[in-house]
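Below is one structure, written out as C-alpha cells; the observations come after it.
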Amino acid sequence: MKRSDGMSFSEALETALSRNRESIGTYKEKTLHHTLKLYYGGLHSTEANVGRYIADVVREDGIYEIQSKAFYRMTAKLESFLSVSPVTVVYPVTVSKHIIWADIETGEIVSTSRSPKKGSVYNILPELYSLRQFLKNDNLSFICALVNCDEYRYADGYGKDKKKRATKVDIIPTCLIDEVRICGTEDYKMFVPDSLPEIFTSADYAKATKLRKSDSGKALLVLTETGAVNRVGTKGKRILYSKGQIL
C-alpha cells in the first residue's frame, strides 16, 4: 500500500527499523508505532505541540494520533484537539502474530511460535467505549490498520522456559493488510454482522464477533450510542437489541 505522499508501508517500516537498529531493547518508541507515524505522516513527520498536548502527526487535513490501547487516556487530549482541528485516531489491529524469543544476554533467537490470538476490526469497539461522548463529532474519525506482526520478547521471565511475565521488547509489523475507516455514525453499521438475528443479546453478539462477553457489552453500548443498534427490551436479565437505523 502507498499513501498519497508517496511513502509505501514497506518504506515506512524500513525507515523505522533503520532508525532503531542500534540495539534491540533500547527503543523509546515501538517499531509498529513508529512505522505508522511515518506511513501516515511522511518521511519528515515529527511530533508537534498543539495547545497543551503533543500530537503524533500534524497534516494539512488534520491531526493523526496512533493509539494501540487504553483509549481512555486520550480523553483530555482529544477534547483539546477536536476544538481546533479534525482528528484521526489510528488503531493498529494485529490480525496474526509470531512471538520471537531472544536470549537477554546474547540477543540470539531462542525460539519462534505463532500466537493463537487473532485480531479483527471489532476489537476497536470496546476501546471506543471510553470515548462515547465524542463519537458523533464530525471532526473525529478512526482508522483500523490491520497488520501482521512479529513480537520480540526476552526469555527472562519465570518458569522452566523463562517465558512467564517475560519482557516484551518490540513489536515489528511485517505487512499492512487493510485499512478500515470510520468517518461518521453511518459507518458503525459495518460492526453489525449479517449473521445476527433481528433481535439479539450481548451473548449472540460475542459469538458472532468473537469478542469476550465483557467486551461485547461495551461494544453494544457504543453501537447503541451511534444508532447502529437499538435497545428494545429485556428477557429475564438479558438486554435485547435490534439492528438499528441511523437517524
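The values are calculated or read from the model by the stated rules, or taken from the named source; none is laboratory data. On a predicted model such as this, the values are computed, not experimentally measured, just so you know. All Cβ positions, even for glycine, are placed from backbone atoms using ideal geometry, and neighbour counts span all protein chains on display. These accessible areas exclude ligands, DNA and RNA; they are computed on the full protein's heavy atoms, side chains included. Shrake-Rupley method; radii C 1.70, N 1.55, O 1.52, S 1.80 Å.
Tabulated data
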read-out	value
Among (1) part of a helix (DSSP H, G or I); (2) in contact with a helix residue (DSSP H, G or I) (Cβ under 7 Å, 6 or more places away or on another chain), the one test that Ser195 misses	(1)
Among (1) small (Gly, Ala, Ser); (2) assigned to a strand (DSSP E or B); (3) over 23 Å from Val180 (Cβ atoms) - the single one Ser80 does not satisfy	(2)
Residues of the range 181-221 that turn out to be crowded, with 18+ Cβ neighbours inside 10 Å and of a type in the set (D, E, K, R), as a count	3
All positions within the range 56-71 that are in contact with a helix residue (DSSP H, G or I) (Cβ under 9 Å, 6 or more places away or on another chain), over 22 Å from Ile171 (Cβ atoms) and surrounded by fewer than 22 Cβ atoms within 10 Å (Cβ to Cβ)	Val58, Arg59, Gly62
First in the range 225-238 and without any contact (Cβ under 8 Å) to a residue 24 or more places away in the chain, second anywhere and open to solvent by 80 Å² or more (accessible area, probe 1.4 Å) and of a type in the set (S, T, N, Q), Cβ under 9 Å, 6 or more apart	Asn230/Gln245
Extreme residue, most open to solvent (accessible area, probe 1.4 Å), among residues of the range 130-177 that are out of contact with any helix residue (DSSP H, G or I) (no Cβ under 9 Å at 6 or more places or on another chain) and among the polar types (S, T, N, Q)	Thr167
Matching entry among Phe191, Phe200, Phe134 (being over 30 Å from Asn20 (Cβ atoms), over 21 Å from the mean Cα position of the chain (by Cα) and hydrophobic (A, V, I, L, M, F, W, C))	Phe200
Selection status of Tyr154, modelled with pLDDT of 95 or more and hydroxyl-bearing (Ser, Thr, Tyr)	no
